[in-house]
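Here, each number is a calculation from the coordinates, and none is a lab measurement. Note that the structure is predicted; figures quoted are calculated from it, not measured. Here the Cβ is made from the backbone with ideal geometry for all residues, glycine too, and neighbour counts use every protein chain on show.
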Amino acid sequence: MSRVVVDASALLAILCREPEASASSERVFGSLISTVNLAEVYSKTREKGIEEEAIEWVVTGLQIEAVAFDDEMARITGGLRESTRSLGLSLGDRACLALGIRESLPVLTKDRKWQDADVGVEVEILKRAMDPLLN
């Protein structure tokens, strides 16, 4: 299976044991995540009462590589603003897409509106393992 860039929503599905979690763990193994998206994960899980150690355990166990949000990433992310404005993508969304663009890797998210983002990177939507209508 090829490597992907993982959005915060996909990692949160695992951490929060959402229905998509069983299908996503294998796909997320060995993925990349922007430090912007990792910050989103820490923020959202704190709201849900999930301990930092659990996040670190999942990230380490799934061998997810956190990639620093540097000047190049900032320029790519900023450049995506105009083309994604109509979709309402957040800075974090665009940071994830920017990492996918830079690394020439598909991005994995739960957010279906990303499918309409024509930014030069493949978008994979996380699906429930047992939902025949989505698989």
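Pull out all pairs, ordered by first then second residue, where Cβ-Cβ is under 8 Å, the residues are six or more apart or on different chains, the first lies in the stretch 87-105 and is buried (at least 24 other Cβ atoms within 10 Å of the Cβ), and the second is among the small types (Gly, Ala, Ser) and not in a helix (DSSP H, G or I).
Here the result reads ALA95/SER34; CYS96/SER34; LEU97/ALA117; ALA98/SER34; LEU99/SER34, each pair linking the stretch 87-105 to a residue that is among the small types (Gly, Ala, Ser) and not in a helix (DSSP H, G or I).
Please state which of the following conditions LYS44 fails to meet, knowing it meets all the rest: (1) free of Cβ contacts under 8 Å to residues at least 24 places away in the same chain; (2) surrounded by 15 or more Cβ atoms within 10 Å (Cβ to Cβ).
Checking LYS44 against (1) free of Cβ contacts under 8 Å to residues at least 24 places away in the same chain; (2) surrounded by 15 or more Cβ atoms within 10 Å (Cβ to Cβ), the one that fails is (1).
If you check TRP114 against the conditions, is it in contact with a strand residue (DSSP E or B) (Cβ under 7 Å, 6 or more places away or on another chain) and under 22 Å from PRO19 (Cα atoms)?
yes
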